[in-house]
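Notes for the one structure printed next.
The values are calculated or read from the model by the stated rules, or taken from the named source; none is laboratory data. Predicted model only: the values in this text are computed from it and were never measured. As a convention, Cβ positions derive from the backbone with ideal geometry for all residues, glycine included, and neighbour counts pool all protein chains shown.
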Amino acid sequence: MEGKTAKMGRKGPKPRTKRELIIATWNHLGRPAVGEKQLRAVQAAIREQLGKGGLASPAAMARVLADEGAELRHPEVIEFHARWRELQIESADKDLKGLNNFISGKPFRLKQAESFIRKLETLRRRAERPGDQQILRRLRDVAISARQSAQSLARTRALTESARAEQAEIAQWLGVWIQTPNLSAEWLELRRRSPEFRKRFAIEKDR
């Protein structure tokens with residue numbers, strides 16, 4: 001049972017939160033001592049019911065179960081968490097490589113910047129769920145570098161006036177994401193519909 005997804009076959013209210021699901025899965029396993037095998041079973045249950053985006057780190061799950069009185073196999077939990085973190089960082093590195101073009105010092109268009117910000121936000125939400133502060137900091141650093149690049153391009157005489165205005169606009173978008181990432185999509189939609197934006201960037205009128 002532990003090596004497979006622990007399905008909630010017993011009657012009773014369905015777990016409503018991730019914490020409740022972690023505890024319910026452990027109870028369904030028979031409240032064993034917790035090591036890698038048990039945490040993998042909990043992860044499988046979370047993935048099945050909440051999707052990949054709902055996953056919690058092994059350390060976070062272990063803390064929840066310890067609060068419920070579970071005996072932890074500490075060395076096993078620590079080793080499993082370390083391997084899990086390594087995989088998360090490797091995955092984030094691959095995603096971040098695709099963002100490097102935006103800090104290369106080359107000018108980008110508004111559509112490209114919009115796509116960049118959407119990807120930043122997708123990665124941020126993915127890292128925020130398990131509370132991965134290291135990846136969140138790296139995403140913020142990438143956004144800050146991209147904003148600085150856009151600000152620099154907005155001041156250079158090597159670009160036309162309209163191109164400089166576009167870079168200044170992109171820098172503003174990035175500034176909003178850096179300050180309030182969870183509101184950036186809504187803000188950007190309102191910004192693109194504003195008369196000022198439509199007048200300045202005629203290319204956006206038909207979007």
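Would you confirm whether or not segment 26-36 contains a residue that is crowded, with 19+ Cβ neighbours inside 10 Å, of a type in the set (A, V, I, L, M, F, W, C) and closer than 28 Å to Arg137 by Cα?
Kept after step one, since they are crowded, with 19+ Cβ neighbours inside 10 Å, are these residues of segment 26-36: 26, 34-35.
Retained after the next criterion (residues that are of a type in the set (A, V, I, L, M, F, W, C)): 26, 34.
Still in the list and also closer than 28 Å to Arg137 by Cα: none.
No; the residues of segment 26-36 include none that is crowded, with 19+ Cβ neighbours inside 10 Å, of a type in the set (A, V, I, L, M, F, W, C) and closer than 28 Å to Arg137 by Cα.
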Looking at Ala66, Ala24, Ala44, which one is more than 30 Å from Arg155 (Cβ to Cβ), in contact with a strand residue (DSSP E or B) (Cβ under 6 Å, 6 or more places away or on another chain) and not assigned by TED's automatic domain parsing to the domain that holds Gln134? Ala66
Would you tally the residues in segment 62-79 being touching a residue at least 40 places away in the same chain (Cβ under 8 Å) and of a type in the set (Asp, Glu)? 3
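In segment 55-78, what residues are of a type in the set (D, E, K, R) and not in a helix (DSSP H, G or I)? Steps first, answer last, please.
Within segment 55-78, the first condition is being of a type in the set (D, E, K, R), and the residues that meet it are 63, 67-68, 71, 73, 76.
Listed by number, the residues that qualify are Glu68, Glu71, Arg73.
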In the list Leu190, Leu174, Leu183, which residue meets the criterion of being touching a residue at least 12 places away in the same chain (Cβ under 8 Å) and either part of a helix (DSSP H, G or I) or among the aliphatic types (A, V, I, L, M) (or both)? Leu174
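Yes/no per residue for (1) under 26 Å from Gly54 (Cβ atoms); (2) under 14 Å from the mean Cα position of the chain (by Cα); (3) at pLDDT below 85:
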| position | (1), (2), (3) |
| --- | --- |
| Ala113 | no, no, no |
| Thr122 | yes, yes, no |
| Glu128 | yes, yes, yes |
| Arg137 | yes, yes, no |
| Pro195 | no, no, no |
Tell me, yes or no, whether segment 36-54 has at least one residue that is modelled with pLDDT of 85 or more and outside any helix (DSSP H, G or I). no
If the Cβ limit is 8 Å and pairs must be 6+ apart or interchain, which residue in segment 151-163 that is without any contact (Cβ under 8 Å) to a residue 60 or more places away in the chain pairs with which residue that is assigned to a helix (DSSP H, G or I) and of a type in the set (D, E, K, R)? Leu153/Arg164; Ala154/Arg164; Arg155/Arg164; Thr156/Arg164
Within the set of pairs 6+ apart or on separate chains, which have a first residue in segment 30-49 that is free of Cβ contacts under 8 Å to residues at least 40 places away in the same chain and closer than 15 Å to Arg63 by Cα, a second that is outside any loop (DSSP other than H, G, I, E, B) and among the β-branched types (Val, Ile, Thr), and C-beta atoms under 7 Å apart? Val42/Ile22; Val42/Thr25
